[in-house]
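Values quoted throughout were computed directly from the atomic coordinates according to the rules given, and no laboratory measurement underlies them. Since the model is a prediction, treat every value here as computed from it, not as a measurement. Glycine gets a Cβ as well: all are built from the backbone with ideal geometry, and neighbour counts include every protein chain shown.
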Amino acid sequence: MTNPKSDLEARADLFSNVTLDAVEQARDLATRTAQQMDAGEFGIDAITRSMSQFFDIIARGSAAHFTTAIAGPCFSVGTDAIPVVEEVILEQAKDYPRQISIDKPFKDIARPDVIIPNYSVVLEPPLVVPANAKMFTLKVRLKDTQYIGRNYTAKLAFTEIGEHSLVRRDYQDVTVAL
């Protein structure tokens, strides 16, 4: 049996590490911004990018704090207990059922260099869009908490299913807040 105090201390350390990491990221961002300003390279694009990155640091840190809190000894749910549910309007209704899969991985909208590997994303059942559907509910669950707190876009593949299917496939970009 694990000692509850040691688990609580471990969670407190994790919480502290998340805070220190966010502060360090903000400090690095401030240093880069100051260097750009000193070099005279700080225009409206740089302001927008810096603010977006700063808000991203805050959102990710807050999400990591929340995840740490609910995974700790005070709660009985784990980090993957809260899937993100999005209603997606289909660009094309088809007269056959289609299976959903990830064609191109989820990529951060604000920072395109941040890409979630497909193995860190779970699309939860049902993963089939019925025939003639105009929208569907997309359930996304992250296996890796470092990606929480961002807006992502991905390309989903919709592959025809059925006994006599012709293996028709169409694609659609989706945006989700994870």
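Quick notes on this one:
- Mean-position separation - Cα centroids, the stretch 14-32 and the stretch 80-130, in angstrom: 30
- Applying the Karplus relation 6.51 cos²θ - 1.76 cosθ + 1.60 with θ = phi - 60° to the stretch 107-113 yields 3J(HN,Hα) values of 10, 4, 5, 6, 10, x, 6 Hz, where x marks Gly and Pro.
- Close amide H contacts of Lys94 (hydrogens built in the peptide plane, cut-off under 5 Å, sequence separation of 5 or more or a different chain): Asn132, Ala133.
- Projecting label points 7 angstrom from Cα along Cα→Cβ for Glu87 and Ser101 puts them 2.9 nm apart.
- Cα-based shape type of the stretch 84-177, given that a ≥ b ≥ c are square roots of the gyration tensor eigenvalues and the cut on a/c is 1.5: prolate
- Legend: calculated FRET efficiency, Tyr171 to Ala30, from the Cβ-Cβ distance at R0 = 41 Å, rounded to 0.05, equals 0.50.
- With θ taken as phi - 60° and the Karplus curve 6.51 cos²θ - 1.76 cosθ + 1.60 applied, the whole-hertz 3J(HN,Hα) list for the stretch 135-152 is 8, 8, 9, 9, 10, 10, 10, 8, 8, 10, 6, 5, 9, 6, x, 9, 9, 10 Hz, x standing for glycine and proline.
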